[in-house]
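Peer 1: First, the structure itself, so that you have it in front of you.
Only the coordinates and a few stated rules stand behind these numbers; no lab work does. In this text, all values refer to a predicted model and were calculated from it rather than measured experimentally. We place every Cβ from the backbone using ideal geometry, glycine too, and count neighbours over all the protein chains shown.
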Amino acid sequence: NSKVIQTPRYLVKGQGQKAKMRCIPEKGHPVVFWYQQNKNNEFKFLINFQNQEVLQQIDMTEKRFSAECPSNSPCSLEIQSSEAGDSALYLCASSPTENTLYFGAGTRLSVL
Amino acid sequence: GDSVTQTEGPVTVSESESLIINCTYSATSIAYPNLFWYVRYPGEGLQLLLKVITAGQKGSSRGFEATYNKETTSFHLQKASVQESDSAVYYCALGAQGTGSKLSFGKGAKLTVSP
């Protein structure tokens, strides 16, 4: 069973509302990733962190999405003003000092 | 960019029959890509099935095998005799070596094994 904990499992928001989801990475894993998986099963990389610092992020993430991984607190991904197109499964993954990703169960966001 | 193309589901196979799920990759920005198969069983999260980091090598797990073929840029997943419990969605992925490297995923193949 995955040791990456994501909450909540389901999130329902209206358009324009904020949507926030959290992730506790596996203990000892310094790297955290966020992916979006849409209804066509396509994965989109959003952002990753190493020890609280951003490693990479895509343009979309810079504009409406914000994410952080503070020390001693869960990581979080927040959508400032949700749009219908943001409806997707949001996956958090953590990684030790190599490139295998260990995923949480995901947060399914529905924007009505 | 880097991408993965794989058999897209659904794939239906009878129990004890053989299986192959195709995966080909394009790694334009990665000199030595690592290749992965992930699996999502019903009601569970995505988990690593197998990983191969060196061209020409074969990875295996739970009766599944995949060989990293650099010449054909392929990493097909095979199993000689599937079981009902193998019903799941299988994703091929590639990434660079090293800490913090993001993975690029295929769209997944939903396998249904009928009894």
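Peer 1: Scattering from the C-alpha atoms of chain A alone, worked out with Debye: what is log10 I(q)/I(0) at q = 0.19, 0.24 1/Å?
Peer 2: With no solvent term, the Cα-only Debye profile gives -0.93, -1.47.
Peer 1: Step through the residues of segment B:44-53 one at a time and calculate ³J(HN,Hα) from phi using the Karplus curve (6.51 cos²θ - 1.76 cosθ + 1.60, θ = phi - 60°), rounding each to whole Hz and writing x for Gly and Pro.
Peer 2: After applying 6.51 cos²θ - 1.76 cosθ + 1.60, I find 10, x, 5, 9, 5, 9, 7, 8, 9, 10 Hz.
Peer 1: So, one more: Pairs A:K3/B:K58; B:K58/B:K79; B:K51/B:K102; A:K39/B:K107; A:K13/A:K39: which are spaced more than 19 Å apart, C-alpha to C-alpha?
Peer 2: Values: A:K3/B:K58 27 Å; B:K58/B:K79 13 Å; B:K51/B:K102 14 Å; A:K39/B:K107 10 Å; A:K13/A:K39 17 Å.
Over 19 Å apart, Cα to Cα: A:K3/B:K58.
Peer 1: Quick check: the distance between the Cα centres of segment A:1-46 and segment A:91-112, to the nearest angstrom?
Peer 2: Between the Cα centre of segment A:1-46 and that of segment A:91-112, the gap is 5 Å.
Peer 1: Could I ask something else about it? Residue-wise, which Karplus ³J(HN,Hα) couplings in Hz belong to segment A:25-38, taking 6.51 cos²θ - 1.76 cosθ + 1.60, θ = phi - 60°, and x for glycine or proline?
Peer 2: x, 5, 4, x, 8, x, 10, 10, 10, 10, 10, 10, 10, 8
Peer 1: Tell me, B:D86, A:D59 in order of fewest to most beta-carbon neighbours within 10 Å?
Peer 2: Details: B:D86 20, A:D59 6.
Ascending Cβ contact count within 10 Å gives the list A:D59, B:D86.
Peer 1: How many angstrom lie between the Cα centre of segment B:4-52 and the Cα centre of segment A:62-85?
Peer 2: Each part reduced to its Cα centre gives a spacing of 29 Å.
Peer 1: Using amide H atoms built in the peptide plane, which far-off residues or other-chain residues are under 5 Å from B:D2 H to H?
Peer 2: Residues meeting the amide H criterion: B:T28, B:S29.
Peer 1: Same structure again: Would you please give the residues with an amide H less than 5 Å from that of B:K107, counting only those at least 5 places away or on a separate chain, with H modeled from the backbone geometry?
Peer 2: B:Q6
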